[in-house]
Each structure stands twice: as structure tokens, then as C-alpha cells.
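**Q** Starting off with a structure, shown below.
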Number of protein chains: 2
Amino acid sequence: MNNVEHTVKSYDSELTKLDNAIARMGGMAESLLGQASEALVKRDTALAADVIHDDLKVDELETEINAEATRILALRQPVADDLRTVISALKTSSDLERIGDLSKNIAKRTITLSSGTPIGAVHTIARMASLVQSMVHNVLDAYLERDERKALDIRQQDEVVDQLHTSLFRELLTYMMEDPRNITSCTHLLFIAKNVERAGDHATNIAENVYFLVTGTHPEDERRKDDETSFTGLEG
Amino acid sequence: MNNVEHTVKSYDSELTKLDNAIARMGGMAESLLGQASEALVKRDTALAADVIHDDLKVDELETEINAEATRILALRQPVADDLRTVISALKTSSDLERIGDLSKNIAKRTITLSSGTPIGAVHTIARMASLVQSMVHNVLDAYLERDERKALDIRQQDEVVDQLHTSLFRELLTYMMEDPRNITSCTHLLFIAKNVERAGDHATNIAENVYFLVTGTHPEDERRKDDETSFTGLEG
């Protein structure tokens with residue numbers, strides 16, 4: 001009996017450790033995105049280089065979470081809530097790894113940017129990044145609190161990010177048409193903005209993981225994950 | 001005894017069905033990418049609309065595979081090879097869903113493209129897409145044959161895709177600088193090319209899933225999944 005209790009307790013603590021690892025990874029991804037955005041605004045190439053380097057830690061954490069989740073599946077053979085905890089950790093760590101990777105890409109393009117970069121566009125990107133950071137923060141809170149309503153609430157923030165992205169896309173095309181010397185830097189900004197928008201999509205994926213984790217089902221109203229800029233034509 | 005045999009047999013057939021579903025989903029993703037590329041080359045907006053519509057089927061198949069994998073984990077509590085089969089199916093279906101989604105994005109941008117699109121760039125993209133199609137095809141063969149060497153071989157193809165992407169990126173920037181009227185269509189081509197390049201990355205992810213499926217470990221030499229264009233500066 002004592003033995004059984006011990007086993008059960010150590011199993012619980014394994015699942016708690018999985019949650020903690022997700023929380024840690026989420027904090028790292030959130031801060032990496034913030035640093036990438038700061039490096040862009042301040043033209044701080046040293047900070048950008050830090051982001052590129054620190055993304056490795058996010059990758060390592062994903063590998064650890066994968067290994068631990070696989071081990072729990074093999075040794076504990078979880079069912080019901082516990083099984084969903086393990087599956088959600090696997091899916092969420094993959095989304096967080098992507099957010100880290102996108103932050104790294106932003107940092108790499110930041111290093112390349114020339115000094116003539118339109119500052120208004122940079123600030124719009126920083127605003128998008130700050131929204132996505134808060135999405136990541138809130139969805140991780142919702143994850144740890146097992147609050148599926150709070151998780152789905154972040155989808156409204158994602159709509160704002162998508163709107164900012166679409167209008168920035170048009171603005172950058174206009175800059176390029178006005179002066180060909182803007183083309184290289186604006187192209188990098190287009191991809192940087194796209195990276196931030198995709199990070200928002202991954203935060204939204206995590207919200208759906210939380211919904212699955214708590215309810216065992218998937219949110220019915222399929223969110224729009226389309227790229228609005230694909231229908232944006234500006235005749236030059 | 002009879003009962004046990006029956007149970008074991010039906011369990012085996014569940015795992016085989018999971019493999020079959022991955023094969024079907026892989027075939028759909030491969031053909032969707034081919035159709036998206038054909039629609040781009042031929043300026044066939046009806047075909048592009050088909051791609052956008054058919055991507056739903058890929059999404060449905062992912063949902064089915066997820067549900068079946070979760071069911072097997074809960075009811076059969078697989079270990080060792082069988083557990084890796086289920087985890088690999090989960091991961092691979094997620095990569096294939098992304099390839100379908102990227103094909104849909106290519107189709108959406110194709111519909112928007114104006115008639116002045118540089119044809120040489122379009123053909124380079126078609127060549128990239130054809131390489132990625134063959135990567136998807138070969139990596140799925142390797143998956144079903146449990147051949148991890150064959151799977152990792154596709155990484156050489158991905159390097160060619162990345163090289164084509166980097167030189168196309170420079171070429172498109174040059175077109176834009178030469179004539180501002182090219183800017184809108186070239187920007188869409190930049191994103192289309194990026195989508196094809198990312199589809200290649202997902203095929204490479206699947207190769208790593210196959211390696212894990214067969215060996216239980218991850219390939220040591222971390223592949224380069226960096227975006228080379230992020231360091232491409234063309235001073236205008």
C-alpha cells in the first residue's frame with residue numbers, strides 16, 4: 001500500500017514537472033521575442049546576437065520535454081486527463097520551439113538591416129511583438145491554471161495582430177514603390193513582420209492545446225489562420 | 001488464449017491503419033503542392049481555388065490521425081516500437097498538415113498575382129516545388145519502409161532547395177529595383193518561394209521523425225534549418 005502511494009505520488013510529481021518545464025519554456029520564448037523586438041527598435045546587433053544564441057536553450061528544453069513525455073507514456077501509460085497532459089506538453093513545446101525560432105529569424109534579419117529602415121514600420125512591428133508577447137504570457141497562465149476560456153480569449157488579440165500585419169504589408173509596399181533604395185530593408189521588414197504574425201498563430205495553437213487539455217475536445221469555431229496579406233494587391 | 005491473440009491482432013491492425021493514414025495524407029500533401037505549383041506556372045486560378053478547397057481534406061485527415069493516435073495511447077498503452085509508431089504519426093501528421101497549409105497559401109497568392117509576373121522566377125519556384133514534392137514522396141516511402149538512411153538522404157535535396165531559394169531572393173530584389181511596377185508581384189513571389197522552402201523544411205522534419213521511429217534516437221548532426229536569405233543584403 002505504501003509502495004503504491006509512493007508510485008502514485010512520484011507519477012504526480014512527474015506530471016507537475018512537465019507543467020513546470022512548459023512554464024519555463026514559455027517564459028523563455030516570450031522573453032526571446034521581446035528581446036528580438038527590442039534589438040530591432042534599438043538597432044542593437046549585440047542583443048540580436050544574444051537572441052540567436054539563446055534560442056539554443058529553447059531548443060534544448062523542447063528536447064528535454066519530448067524525452068520526458070515519451071518516458072512517461074512508456075513507463076506510466078497514462079489515461080484520460082493525465083494522457084492529455086502529456087500530449088498537450090508535446091504539442092505546446094513544439095509551438096514554443098517555433099516561437100523561439102521565429103524570434104531568432106527576426107534577430108538575424110535585424111543584424112542585416114541597413115540604417116535607412118523606415119522607423120514607423122519598425123514601431124508597428126514592435127507593437128505587434130508586444131501583443132504576441134502578452135498572448136504567450138496569458139496563454140501559458142491559462143495552461144497552468146487549466147482555464148480554457150482564458151486561453152481562447154487570446155484569439156481576439158491575434159486578430160489585432162493580423163490587422164496590424166495586413167496594414168503594415170500595404171505600407172511597406174508603398175515605401176518600396178516610392179523609393180527603390182527602400183526595397184532591401186523593407187523586404188526584410190516584410191519577413192520580420194510575417195515572423196511576428198506567425199508567432200501569434202503559434203500562441204493561438206497553444207490556446208487550442210489548452211482547450212483540448214481541459215475539455216478533451218477541440219474548439220468548434222475554426223479560427224482564421226489564413227494569411228490576409230496573400231489577398232493584398234497594390235498595383236504599382 | 002484465443003482472446004489474447006485476437007486482441008493482439010486487432011492492435012497490430014490499428015498500427016497498420018495509422019501508417020496507411022500517414023501514407024494517404026502524404027500523398028495528398030505532395031499532390032497539393034504539385035497542383036499549387038502548376039496553378040502558379042499556368043496562371044490557372046480555377047486550379048488554385050481547388051487547392052484552397054482540397055486543403056480541408058488534409059486538415060480532416062490530421063484530425064482523424066490525432067484522434068486515432070490518442071485512442072491507441074489510451075486503450076493500448078503501447079511501449080517501445082509501438083509507442084514510437086504512435087508518436088511519429090502524431091508528429092508527421094502535423095508536418096504534413098503544414099505542407100498542405102503552405103500549398104494553400106501559395107494558391108491564394110497565385111490568385112492575386114498580376115500578369116506582369118517575371119516568368120523566370122516562376123519557373124525557379126516550380127523547380128523548387130518539384131524537388132520538395134519528391135522529398136515528400138521519398139520520405140514517406142522511407143517512413144513506410146522504416147528506412148532511416150533513405151529518410152536522411154533527402155536532406156541533400158533540401159540543401160538544393162535552400163540554394164535555389166537564396167539565389168531567387170536576390171534575383172527578385174533586383175527585379176524590384178529595376179522597375180517599381182514589379183514590386184507587388186515580386187513580393188508575392190518572395191513569399192511563395194519562402195512557402196516552398198518551408199515545405200522542404202517540414203519534409204526534413206519528417207525525415208527526422210523516421211530516424212526517431214526506427215532508432216529511438218535523434219540524428220546527431222543538427223541540420224541547418226536557418227533562413228539563408230536573412231543574411232542577404234543587396235544595397236539599392
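Please treat every number below as a calculation from the coordinates, not as lab data. On a predicted model such as this, the values are computed, not experimentally measured, just so you know. Methodologically, a virtual Cβ is constructed for each residue, glycine included, from the backbone with ideal geometry; neighbour enumeration extends over all protein chains shown.
**Q** Can you give the translational diffusion coefficient of the range A:12-63 in µm²/s, computed by Stokes-Einstein from the Kirkwood radius over Cα pairs at 4 °C and 1.567 mPa s?
**A** My calculation gives 109 µm²/s for D.
**Q** Which of these, A:Asn105, A:Asn182, A:Asn209, has the largest mean-square fluctuation under a Gaussian network model of chain A (Cα springs below 10 Å)?
**A** Its mean-square fluctuation being the largest, the pick is A:Asn182.
**Q** Treating the angle as unsigned and between 0 and 90°, give the value, to the nearest 10°, between the Cα long axis of helix A:45-76 and the longest Cα principal axis of chain A.
**A** 30 degrees
**Q** For peptide B:78-91, compute the average count of partner chain beta-carbon atoms within 10 Å of each residue's beta-carbon.
**A** For this peptide, the per-residue mean of nearby foreign Cβ atoms is 2.
**Q** Now, a different point. Could you check the simple spin-label distance between A:Asp141 and B:Ser115, using points 7 Å along Cα→Cβ, in nm with one decimal?
**A** Here the answer is 5.5 nm between the modelled labels.
**Q** A further question follows. Can you tell me the 0 to 90 degree angle between the C-alpha axis of helix B:80-112 and the longest principal axis of chain B, rounded to 10?
**A** Long axis of B:80-112 versus the principal axis of chain B: about 20 degrees.
**Q** Assume the label is 7 Å from Cα along Cα to beta carbon: what separations in nm does B:Ser134 have to the matching positions in the other copies?
**A** 5.0
**Q** May I ask you to list the residues of the range A:58-72 whose amide nitrogen lies under 20 Å from a point 7 Å from Cα along the Cα→beta-carbon direction of A:Asp12?
**A** A:72, by backbone N distance to the label point.
**Q** At 7 angstrom along the Cα-to-beta-carbon line, where would the label on A:Asp147 sit relative to the other copies? Give the distances in nm, shortest first.
**A** Copy-to-copy label distances for A:Asp147: 5.3 nm.
**Q** Can you classify the range A:49-151 as rounded, prolate or oblate using the Cα gyration tensor, where a ≥ b ≥ c are the square roots of its eigenvalues, rounded means a/c under 1.5, and otherwise it's prolate if a/b beats b/c and oblate if not?
**A** Since a/c reaches 1.5 but b/c is at least a/b, the shape of the range A:49-151 is classed as oblate.
**Q** Next up: Between chain B and chain A, with a rotation axis joining them, whose C-beta in B is nearest that axis, and what is the whole-Å distance?
**A** B:Gln77, 2
**Q** Right, another one. Specify which residue in the list B:His123, A:Leu144, B:Thr215 is farthest towards the positive end of the charge dipole of the protein assembly as shown, using unit charges on the beta carbon of Lys, Arg (+1) and Asp, Glu (-1), about the Cα centre.
**A** B:His123
**Q** Mind listing the label-point distances from B:Gly27 to the same position on all other copies, shortest first, one decimal in nm, points 7 Å along Cα→Cβ?
**A** Inter-copy label distances (nm, one decimal, shortest first): 4.9.
**Q** Something else: Return the single residue from B:Pro180, B:Pro219, B:Pro78 with maximal mean-square fluctuation; model: Gaussian network over chain B, springs between Cα atoms under 10 Å.
**A** B:Pro180
**Q** Under a point-charge model restricted to the Cβ atoms of Lys and Arg (+1) and Asp and Glu (-1), what is the dipole moment magnitude of the range A:2-231 relative to its Cα centre, in debye to the nearest 20?
**A** Using Cβ point charges on Lys, Arg, Asp and Glu, the range A:2-231 gives about 480 debye.
**Q** Right, here's the next one. Taking the Cβ-Cβ separation of A:Ala46 and A:Arg181 as r and a Förster radius of 30 Å, what is the calculated FRET efficiency to the nearest 0.05?
**A** 0.65
**Q** Using Cβ counts within 10 Å as a stand-in for footprinting exposure, how do A:Thr92, A:Thr166, A:Thr16 rank, fewest first?
**A** If I rank by nearby Cβ atoms, fewest first, I get A:Thr16, A:Thr166, A:Thr92.
**Q** Where does helix B:119-145 land angle-wise versus the long Cα axis of chain B, in degrees 0 to 90, nearest 10?
**A** For helix B:119-145, the angle is close to 10 degrees.
**Q** Follow-up question, since we're still on this one. Determine, from the Cβ-Cβ distance of B:Ala23 and A:Glu38 and an R0 of 51 Å, the FRET efficiency 1/(1 + (r/R0)^6), rounded to the nearest 0.05.
**A** It comes out at approximately 0.65.
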